[in-house]
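**Student:** Just passing along the structure, written as structure tokens.
Read the figures in this text as sums done on the coordinates, not as results from a lab. What you are looking at is a predicted structure, and each value in this text was computed from that prediction instead of being measured. Here the Cβ is made from the backbone with ideal geometry for all residues, glycine too, and neighbour counts use every protein chain on show.
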Amino acid sequence: MQTSTSIQPSRDPAAQYVLRLADTCLILGQRLGEWCGHAPVLEEDIALTNTALDLIGQARALLTHVGQMDGQAHDEDQLAFLREERDYLNVTMVELPRGDFAFTVLRNAMVATFLKLAWQRLAGSLDTELAAIAGKAVKEARYHQQHAGDWVVRLGDGTPESRQRLDAALGQLWRYTPELFEDDAVDAHAAASGLGPRWSELQGPWRADMTLLLDEAGLALPTDSAFRSTGKRGLHSEHMGHILTEMQYLQRAYPGGVW
Amino acid sequence: MTTQNEWPLWEVFVRTKAGLDHKHCGSLHAADPKMAIQLARDVYTRRQEGSSLWVVRSDQIVASDPGDKDMYFDPMEDKVYRHPTFYALPESVNHM
Amino acid sequence: MYTQAMDTMDQEPGTRKKAVRSAEEMLLEQRFEARIDEGDFIEAKDWMPEHYRKTLVRQISQHAHSEIVGMLPEGNWISRAPTLKRKAILLAKVQDEGGHGLYLYAAAETLGTSRDQLLDALHTGKAKYSSIFNYPTLTWADMGTIGWLVDGAAIMNQVPICRCSYAPYARAMIRICREESFHQRQGYEALLTMMQQGTDAQRAMVQETVNRWWWPSIMMFGPPDDQSPNSAQSMRWGIKRISNDELRQKFIDATVDQAKVLGVTLPDPELKWNEERQHYDYGPIDWSEFWRVVGGDGPCNHERLGARVKAWEDGAWVREAALAHASKHAAAQQAA
């Protein structure tokens with residue numbers, strides 16, 4: 001019988017590389033699910049939920065793969081619900097509260113652009129399972145990028161209020177983006193083994209896409225600051241604990257439960 | 001019918017498979033054409049029902065007047081020779 | 001999804017038939033009634049009596065409101081779904097409900113009203129929604145029960161409407177019914193899994209949720225026939241095809257057997273098979289609870305409406321921005 005004791009995922013750098021992607025999708029999906037029933041218009045409720053579903057789907061595929069990769073044979077749910085906070089490797093940006101609609105669509109645009117670029121490169125991964133997941137996920141990321149990007153433009157070039165809110169969102173989010181492109185041993189290992197690109201390699205194309213988008217929305221790229229978030233390494237913001245409290249509650253409260 | 005501050009109404013047509021016609025499947029509100037197409041995709045093709053989408057602003061649709069139904073459509077009623085079933089052929093060549 | 005008997009919704013003021021009508025109008029009405037009797041479909045631009053139009057706008061829009069409000073009790077558990085599969089299923093289900101609301105608003109709009117007007121009626125309390133959503137979702141097992149019992153009752157209410165005389169509504173209902181059966185099945189399956197493979201604590205959770213949702217679910221069919229004065233006209237017009245009591249009995253008969261397979265006890269000691277009637281007898285329904293909830297004093301009425309109003313008001317700037325952007329670009333396109 002399973003218990004609800006936390007599991008220890010592998011320290012293997014290949015597993016960690018995939019977990020960074022998996023957890024980023026999982027936690028962003030979790031945040032987007034919060035919009036259900038509260039979006040500005042019914043059509044967007046459906047669209048945001050659709051994005052959440054896609055991200056959860058990507059997380060499931062990746063977590064299942066990690067479970068097989070590291071030899072411990074954990075399943076997607078054990079990994080999703082029974083890790084300690086420091087073992088979640090999502091970038092900090094996605095755990096931030098959903099904010100207003102401007103914050104949500106801008107974050108979606110930033111993450112979708114990043115994921116699109118990542119999936120495009122990962123389609124050539126020597127890990128065939130990861131390549132297959134990437135091949136499917138890139139289509140979803142492209143759609144998310146288009147949907148979120150169109151909204152960024154509408155809000156940037158809409159009313160003074162929407163412009164101001166988008167600007168505020170950009171100010172809040174920008175300093176969480178450098179984390180996306182900082183390399184460490186996990187990236188080095190991935191590049192050397194043909195698992196996937198260093199995330200730093202995605203920075204050029206990401207900035208190019210974002211510049212085009214923000215330009216069209218009438219916003220300037222903010223200046224970089226010295227602030228660095230560290231979620232990728234398991235050191236999260238204060239928001240992460242609360243997300244996990246909610247997300248893990250049933251698994252922890254009903255040890256050995258079958259759902 | 002929409003009021004001034006509402007997003008306009010659009011009619012959605014979906015082609016499920018190459019070779020078939022686009023079929024009207026409902027409507028939705030969107031602020032602009034790009035949004036209308038994306039929302040149509042999100043709302044009306046969740047179960048793989050689509051290979052192609054058309055959206056048209058509802059106020060652009062020109063419809064025949066139901067009052068003219070008699071005039072427009074009844075004359076077709078007695079021209080049954082347009083329908084293949086009108087022609088009785090021997091069994092051996094009936095597959096035509 | 002979550003229809004509720006027409007008769008519990010307040011009658012539209014001023015819908016009593018006009019005493020004097022022109023000869024032409026009487027002729028049109030006769031033709032209309034003849035079409036209904038023949039089982040003909042009425043389309044959006046066809047002539048129809050004003051009372052028919054108003055009845056339909058009210059019924060269709062309140063059905064739409066029910067779908068939208070219905071997203072809230074289930075949305076409450078998305079962040080806490082116990083597995084990724086259940087989270088995905090719940091997201092898909094709630095998304096479907098949003099979609100159903102959308103199809104229904106679209107059908108209502110063909111009758112000469114606008115989405116904004118319909119939402120305004122909901123937000124100001126003039127329009128109602130199915131009162132089942134004024135109950136709170138207190139445990140994860142509620143997600144299963146809502147699928148099994150609430151969706152089950154809704155399906156029973158809805159299938160007959162697929163043959164409604166008003167074609168845009170009928171078409172929306174066909175689409176909805178096609179998507180709906182997944183909703184009931186996933187709920188039942190979730191409960192079955194917990195009962196058959198789960199822990200004692202999970203089984204207790206399932207029994208507890210059934211205890212709470214059983215009576216509200218059978219109230220979904222509305223008051224008894226002898227207290228439902230508005231049904232007659234709706235049935236004449238092919239808007240409502242089967243009576244409240246008949247639907248309720250059908251639902252109970254089907255559900256008792258499903259409960260046996262699940263291994264739960266339904267909280268009605270008077271439930272008993274009646275060999276003579278070939279139906280299950282059941283205990284008295286507390287109609288005072290029903291009217292209290294319909295009247296606005298149920299457990300969650302204020303929260304549900306409050307959430308919808310807040311979402312609408314908080315989102316005003318977004319809707320305005322989208323329109324502003326669109327008109328800027330439409331103008332630019334025309335100038336080009």
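**Student:** So for A:R207, A:R20, fewest C-beta neighbours within 10 Å to most, what's the order?
**Tutor:** On the way: A:R207 14, A:R20 24.
By the 10 Å Cβ count, ascending, the order reads A:R207, A:R20.
**Student:** Take peptides B:8-15, A:126-133, C:95-102 and line them up by average Cβ neighbours within 10 Å, highest first, as a rough protection proxy.
**Tutor:** On the way: B:8-15: 20.4, A:126-133: 16.6, C:95-102: 25.9.
Ranked from most to least packed, the peptides come out as C:95-102, B:8-15, A:126-133.
**Student:** On to the next question. Set the bar at 22 Å for Cα to Cα. Now go through B:K17/C:K87; C:K54/C:K128; C:K54/C:K310 and name every pair that lies beyond it. Show your work: numbers first, answer last.
**Tutor:** On the way: B:K17/C:K87 31 Å; C:K54/C:K128 15 Å; C:K54/C:K310 28 Å.
Those over the limit are B:K17/C:K87; C:K54/C:K310.
**Student:** Also, I was wondering about something else. On C-alpha positions alone, give me the angle between the axis of helix A:42-69 and the longest principal axis of chain A, in degrees, nearest 10.
**Tutor:** 30
**Student:** May I pose another question? Shape call for segment C:85-201 from the C-alpha gyration tensor, a ≥ b ≥ c root eigenvalues: rounded (a/c under 1.5), prolate (a/b greater than b/c) or oblate? The partial results should precede the final answer.
**Tutor:** Working: a/c = 2.54, a/b = 1.79, b/c = 1.42.
Verdict is prolate for segment C:85-201.
**Student:** With a/c under 1.5 counting as rounded, go ahead and sort chain C into rounded, prolate or oblate using the C-alpha gyration tensor (a ≥ b ≥ c being the square roots of the eigenvalues; past the cut-off, prolate if a/b is larger than b/c, else oblate).
**Tutor:** Verdict is oblate for chain C.
**Student:** Considering every residue in C:134-142, what mean count of other chain Cβ atoms within 10 Å of its Cβ is obtained? Please list the in-between numbers first.
**Tutor:** Numbers: counts 0, 0, 0, 0, 0, 1, 6, 0, 0.
If you average over the peptide's residues, the count of other-chain Cβ atoms is 1.
**Student:** From the phi angles alone, apply the Karplus equation (6.51, -1.76, 1.60; θ = phi - 60°) to segment A:168-180 and give each ³J(HN,Hα) in whole Hz, x where the residue is Gly or Pro.
**Tutor:** 4, 4, 4, x, 6, 7, 3, 6, 8, 7, x, 3, 4
**Student:** Taking amide H positions as placed 1.01 Å from N in the peptide plane, with prolines and chain starts having none, which residues 5 or more places from C:D281, or on another chain, fall under 5 Å of its amide H?
**Tutor:** C:K272, C:W273, C:N274
**Student:** Could you tally the net charge around A:E179, taking each other residue with its Cβ under 10 Å from the Cβ of A:E179, Lys/Arg +1 and Asp/Glu -1? Before the final figure, lay out each step's value.
**Tutor:** Details: positive: A:R175, A:R228, A:K232, A:R233; negative: A:E182.
So the surrounding residues net to +3.
**Student:** How many nm separate the modelled label positions at A:F227 and B:Q60, each set 7 Å beyond the Cα in the direction of the Cβ?
**Tutor:** Roughly 4.4 nm, to one decimal.
**Student:** Shielding by partners for C:103-115, please: the mean number of other protein chain Cβ atoms within 10 Å of each residue's Cβ.
**Tutor:** Working: counts 6, 1, 6, 11, 2, 0, 6, 4, 1, 1, 2, 6, 11.
So the per-residue partner count for this stretch is 4.
**Student:** Can you order the peptides A:71-78, C:273-280, C:111-118 by their average number of other Cβ atoms within 10 Å per residue, highest first?
**Tutor:** The densest-packed peptide leads the list: C:111-118, A:71-78, C:273-280.
**Student:** Add +1 for every Lys or Arg and -1 for every Asp or Glu among the other residues with Cβ under 11 Å from the Cβ of A:K232, and state the total.
**Tutor:** On the way: positive: A:R20, A:R228, A:R233; negative: A:D23, A:E179, A:E182, A:D183, A:D184, A:D187.
Once positives and negatives cancel, what remains is -3.
**Student:** Something else about it: Would you pull out the residues with amide H under 5 Å of B:S51's amide H, same chain only if 5 or more places away, H placed 1.01 Å from N?
**Tutor:** Result for B:S51 returns B:R15, B:T16, B:K17.
**Student:** Let me ask something else. Which aspartates and glutamates have a Cα lying under 20 Å from the Cα of C:K272, excluding residues fewer than 8 positions away in the same chain?
**Tutor:** C:D245, C:E246, C:D253, C:D257, C:D281, C:D286
**Student:** Just check segment C:133-237 against the gyration tensor rule for me: Cα atoms, a ≥ b ≥ c as the square roots of the eigenvalues, rounded for a/c under 1.5, and otherwise prolate or oblate depending on whether a/b exceeds b/c. Show your work: numbers first, answer last.
**Tutor:** Working: a/c = 3.62, a/b = 1.81, b/c = 2.00.
Taking the square roots of the gyration eigenvalues as a ≥ b ≥ c, segment C:133-237 is oblate.
**Student:** How large is ³J(HN,Hα), in whole Hz, for each residue of segment A:227-232 in order, when computed from phi with the Karplus curve 6.51 cos²θ - 1.76 cosθ + 1.60 and θ = phi - 60°, using x for Gly and Pro?
**Tutor:** Working through the residues one at a time gives 5, 9, 8, 9, x, 4 Hz.
**Student:** Could you work out [θ]222 nm for chain A from helices alone, using -39500 (n - 2.57) per DSSP H run of at least four and dividing by all its residues? Round to the nearest 500 deg cm²/dmol. Don't jump to the answer; show the numbers that get you there.
**Tutor:** Details: 9 runs with 159 residues, N = 259.
Taken over chain A, the calculation gives -20500 deg cm²/dmol.
**Student:** Rounded to whole Hz and in sequence order, give me ³J(HN,Hα) for segment A:241-256 from the Karplus expression 6.51 cos²θ - 1.76 cosθ + 1.60, θ = phi - 60°, writing x for Gly and Pro.
**Tutor:** With coefficients 6.51, -1.76 and 1.60, one gets x, 5, 4, 5, 4, 5, 5, 8, 3, 5, 4, 6, 7, 10, x, x Hz.
**Student:** Could you let me know the centre-to-centre spacing of segment A:149-179 and segment C:228-252, using Cα atoms, in angstrom?
**Tutor:** Their Cα centres are 52 Å away from one another.
**Student:** Can you give the relative contact order of segment A:132-250 as a percent, counting alpha carbon pairs under 8 Å and 6+ residues apart?
**Tutor:** Numbers: 71 pairs, mean separation 33.0, N = 119.
Here the relative contact order equals 28 percent.
**Student:** For peptide A:153-166, what's the mean number of Cβ atoms from other chains within 10 Å of each residue's Cβ? Could the numbers behind the result be given before it?
**Tutor:** Working: counts 3, 13, 6, 2, 5, 12, 8, 3, 6, 7, 2, 1, 3, 1.
Mean partner shielding for this stretch: 5.
**Student:** What residues have an amide H closer than 5 Å to that of A:R83, excluding those fewer than 5 places away on the same chain, when H is modeled at 1.01 Å from N in the peptide plane?
**Tutor:** Correct list: A:I7.
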